[in-house]
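Okay, structure first, notes after.
The values are calculated or read from the model by the stated rules, or taken from the named source; none is laboratory data. Source: prediction; values computed, not measured. Because the Cβ atoms are built from the backbone with ideal geometry, glycine has one as well, and the counts that use them run over all protein chains shown.
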Protein chains: 2
Amino acid sequence: MRVTIKDVAKLASVSPATVSKVLNNKPVKQETGQRVKEVIKKLDYHPNLLAKSFARKISYHIGVTVSTGALTPVDQFFLIFLQGVMEVATANTYSVSIVPALGSEQEEENLIKEMFRKNMIDGYILTNPYYSPRTFLEFLKLDIPLVVTGRVQESIPISTVDANSAEGIYLATSHLIELGHERILFLSGPKQYFVCEDRLNGYLSALRARKIKPDGKLIIEDDFTFEGGYRAARRAIDDLDFTAICAYNDAMAIGALKALQEKGIKVPRQVSLVGYDDLPIGTMLQPMLTTVHSPIYQLGKEAAKMLFANLKDRDNIDDLILPVKLIVRESCGAVL
Amino acid sequence: MRVTIKDVAKLASVSPATVSKVLNNKPVKQETGQRVKEVIKKLDYHPNLLAKSFARKISYHIGVTVSTGALTPVDQFFLIFLQGVMEVATANTYSVSIVPALGSEQEEENLIKEMFRKNMIDGYILTNPYYSPRTFLEFLKLDIPLVVTGRVQESIPISTVDANSAEGIYLATSHLIELGHERILFLSGPKQYFVCEDRLNGYLSALRARKIKPDGKLIIEDDFTFEGGYRAARRAIDDLDFTAICAYNDAMAIGALKALQEKGIKVPRQVSLVGYDDLPIGTMLQPMLTTVHSPIYQLGKEAAKMLFANLKDRDNIDDLILPVKLIVRESCGAVL
DNA sequence: TTGTATGCGTTATCAG
DNA sequence: CTGATAACGCATACAA
């Protein structure tokens with residue numbers, strides 16, 4: 001039989017309650033505390049977390065949803081993020097459980113609600129900001145502690161963390177302008193996403209800040225994927241009325257790179273190419289970048305911190321926007 | 001107050017024991033079962049998993065270690081693997097917890113042992129095959145259900161799953177031979193790793209199968225990373241006594257690609273380049289590959305299945321080696 | 001500061 | 001097939 005709190009209590013000639021107190025750093029006489037600790041060590045006692053969880057109605061698990069996007073190699077977002085989350089979770093003696101992306105929003109909603117109802121998960125970090133407001137409201141109704149990455153409709157009282165990607169694109173675009181470019185093609189993601197709108201605005205502000213008049217023809221919209229970037233660049237390439245490209249993200253940038261190469265256009269000789277992403281720029285073509293200081297890692301940490309704050313004070317809603325850095329690297333012939 | 005099994009029992013005019021039985025699909029009279037189920041629905045009852053875990057001494061969580069390698073963008077291994085694990089875990093009503101890579105083997109060992117002792121995790125899938133035999137023995141001593149990816153010293157009785165990477169390299173090398181190459185450079189990882197030895201053997205067998213005499217000078221060893229591939233290729237490039245390169249993995253292949261490009265060598269025009277990895281070949285430069293049918297995904301599923309088998313029958317040790325497929329793609333100018 | 005008693009929600013045992 | 005009851009290991013009032 002495994003050793004329990006009672007065994008420790010008996011051998012230390014105290015009550016189980018006292019042992020519980022030293023276990024949880026509650027006020028205990030110095031001397032008894034010492035004695036109990038010795039017995040714990042001697043008996044090799046390890047508190048049963050299942051019992052503790054049960055008694056305290058706390059699972060000590062937080063859930064993190066994995067976005068399906070994480071399955072495309074371009075999207076390194078999730079793992080780095082996860083490292084940040086885990087660092088903070090570990091510090092709070094919590095474990096991190098992965099909530100699978102089930103495909104349909106309804107299924108995911110049900111799973112998230114179910115795991116919470118069963119007391120299996122104390123709170124969530126949601127990295128799937130594509131949920132509809134209705135879903136968020138459902139979560140709020142159950143009073144599920146929640147932190148969301150990215151942006152959520154303003155009126156919904158949920159904590160969010162996000163990287164300032166408008167600023168990122170602003171920096172990327174400014175970089176091109178400083179290189180002397182004026183006609184800069186912007187490869188945008190679908191504009192119905194807040195984040196796409198944000199980044200487009202970053203591009204526009206950079207132009208305006210330098211008194212360059214934006215040209216609607218230089219803004220091409222497609223999926224924010226490798227293929228989307230490829231398609232968008234191909235569509236724009238024929239009249240080649242630009243000298244540089246700023247892409248919504250790395251994936252689109254790489255897609256565009258492929259399109260340019262197919263046409264024999266030298267990058268960056270003939271066309272300069274810049275992509276912004278929450279990871280350090282050029283991740284894809286700079287595989288060995290260390291990631292610890294990337295914004296995403298910080299984002300993970302901040303998200304977790306915020307969740308634990310929420311766990312303690314359920315009404316503490318907060319938003320956080322982290323600044324980004326532009327890192328320019330020459331790589332595979334592209335400024336990416 | 002939340003609704004418990006007792007509330008259900010009362011309203012259905014049965015005992016809690018009976019409700020428990022219908023909850024766990026144990027033999028119950030059709031009619032009572034029906035009645036109980038109706039009450040459950042009516043009361044919106046959700047069994048408290050914390051209580052269940054406590055009573056049954058089962059956490060319903062399995063742990064998966066994340067390899068630090070997963071933090072380099074080249075290594076897409078982990079997320080895909082995880083999807084496979086989760087699919088099986090979900091089917092078994094288990095959750096998947098991530099065990100952080102702490103850096104030192106000792107720290108990780110302690111964490112793994114500690115979480116198990118605390119009943120927090122019922123079993124592990126270890127994706128860090130770099131653990132020393134001593135560590136594995138420690139786990140066995142505590143009787144921790146374990147499945148390891150990759151290879152473990154034969155004498156240690158632990159279940160493993162692995163992709164047949166020797167076969168992968170064999171196929172990759174054969175592909176080059178069929179293209180007409182005879183002098184094929186092999187970029188090897190450090191030979192003290194079983195898997196590196198395996199893959200080198202795959203290369204050698206392919207040569208021998210076609211009656212090509214292996215040349216020791218054509219085998220270069222370095223880290224199995226992007227940088228390692230870059231360094232290895234640079235070292236070999238000067239006497240350029242080869243017409244093709246087979247790399248231990250994608251990372252090294254991409255490193256080599258960079259080295260070749262720097263020297264103005266056209267790939268695949270002047271030098272053919274092939275890399276093998278557990279993911280479909282060319283992941284890096286084929287970002288939009290679907291991953292569901294990749295070996296790694298299967299590997300994750302098999303690992304999880306094996307773990308659950310072990311969970312039920314603690315003495316059931318098994319090894320599994322999955323076959324691989326060679327997928328050749330033209331991409332960014334390289335056959336990768 | 002410490003001990004006693006009780007409760008947490010479920011499963012398991014063993015009668016009936 | 002069903003029900004009463006003990007047990008799981010810890011936390012927490014409350015009393016001492």
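Being over 33 Å from the mean Cα position of the chain (by Cα), among the basic types (Lys, Arg) and at pLDDT 90 or above narrows it down to one residue among A:Lys52, A:Lys57, A:Lys41; which is it? Spell out how you get there, then give the answer.
Details: A:Lys52 fails: over 33 Å from the mean Cα position of the chain (by Cα); A:Lys57 fails: over 33 Å from the mean Cα position of the chain (by Cα).
Testing whether each residue is over 33 Å from the mean Cα position of the chain (by Cα), among the basic types (Lys, Arg) and at pLDDT 90 or above leaves just A:Lys41.
So, of the residues in the stretch B:1-20 that are away from every other protein chain (no Cβ under 14 Å) and in contact with a Pro (Cβ under 7 Å, 6 or more places away or on another chain), which turns out to be farthest from DNA strand C (Cβ to nearest atom)?
Keep residues of the stretch B:1-20 that are away from every other protein chain (no Cβ under 14 Å), which gives B:6-20.
From the residues that got through so far, the ones that are in contact with a Pro (Cβ under 7 Å, 6 or more places away or on another chain) too are B:6, B:9.
Working: B:Lys6: 6, B:Ala9: 9 Å.
Step by step, filter the stretch B:1-20, then rank; the result is B:Ala9.
Considering the stretch A:27-56, the residues that are within 14 Å of another protein chain (Cβ to nearest Cβ) and assigned to a loop (DSSP other than H, G, I, E, B) include one that is nearest to DNA strand C (Cβ to nearest atom), namely A:Asn48.
If you check B:Asn24 against the conditions, is it away from DNA strand C (no atom under 12 Å from the Cβ) and more than 10 Å from every other protein chain (Cβ to nearest Cβ)? No. Taken across the stretch B:74-88, residues that are in a strand (DSSP E or B) and surrounded by 17 or more Cβ atoms within 10 Å (Cβ to Cβ) do not occur at all.
Take the residues in the stretch A:4-28 that are loosely packed, with under 12 Cβ neighbours inside 10 Å and more than 23 Å from B:Lys52 (Cα to Cα), then tell me which one is farthest from DNA strand D (Cβ to nearest atom). Reasoning before the result, please.
Taking the stretch A:4-28 first, the residues loosely packed, with under 12 Cβ neighbours inside 10 Å are A:6, A:13, A:17, A:24-27.
Now drop any that are not more than 23 Å from B:Lys52 (Cα to Cα), which leaves A:13, A:17, A:24-27.
Values: A:Ser13: 16, A:Ala17: 3, A:Asn24: 5, A:Asn25: 11, A:Lys26: 8, A:Pro27: 11 Å.
Here the residue is A:Ser13.
When you look at A:Phe139, is it within 11 Å of chain B (Cβ to nearest Cβ) and without any contact (Cβ under 8 Å) to a residue 60 or more places away in the chain, yes or no? Steps first, please.
Working: within 11 Å of chain B (Cβ to nearest Cβ): no; without any contact (Cβ under 8 Å) to a residue 60 or more places away in the chain: yes.
Here the answer is no, as A:Phe139 does not meet what is asked.
I'd like to know if the stretch B:72-81 contains one or more residues that are within 16 Å of DNA strand D (Cβ to nearest atom) and within 8 Å of another protein chain (Cβ to nearest Cβ). Within the stretch B:72-81, none of the residues are within 16 Å of DNA strand D (Cβ to nearest atom) and within 8 Å of another protein chain (Cβ to nearest Cβ). Anything in the stretch B:258-272 that is farther than 17 Å from A:Val267 by Cα, within 13 Å of another protein chain (Cβ to nearest Cβ) and out of contact with any Gly (no Cβ under 8 Å at 6 or more places or on another chain)? List them, or say none. Answer for the stretch B:258-272, where residues must be farther than 17 Å from A:Val267 by Cα, within 13 Å of another protein chain (Cβ to nearest Cβ) and out of contact with any Gly (no Cβ under 8 Å at 6 or more places or on another chain): just B:Leu260. Residues in the stretch A:37-52 that are crowded, with 19+ Cβ neighbours inside 10 Å and away from DNA strand D (no atom under 12 Å from the Cβ): A:Val39 alone.
Which of the following residues is modelled with pLDDT of 75 or more and among the acidic types (Asp, Glu): A:Asp319, A:Asp278?
After applying the criteria, what remains is A:Asp319.
A quick yes/no check of all residues on (1) surrounded by fewer than 21 Cβ atoms within 10 Å (Cβ to Cβ); (2) out of contact with any helix residue (DSSP H, G or I) (no Cβ under 9 Å at 6 or more places or on another chain):
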site: A:Ser165; (1), (2): no, no
site: A:Ile169; (1), (2): no, no
site: A:Phe194; (1), (2): yes, yes
site: A:Asn201; (1), (2): yes, no
site: A:Ile212; (1), (2): yes, no
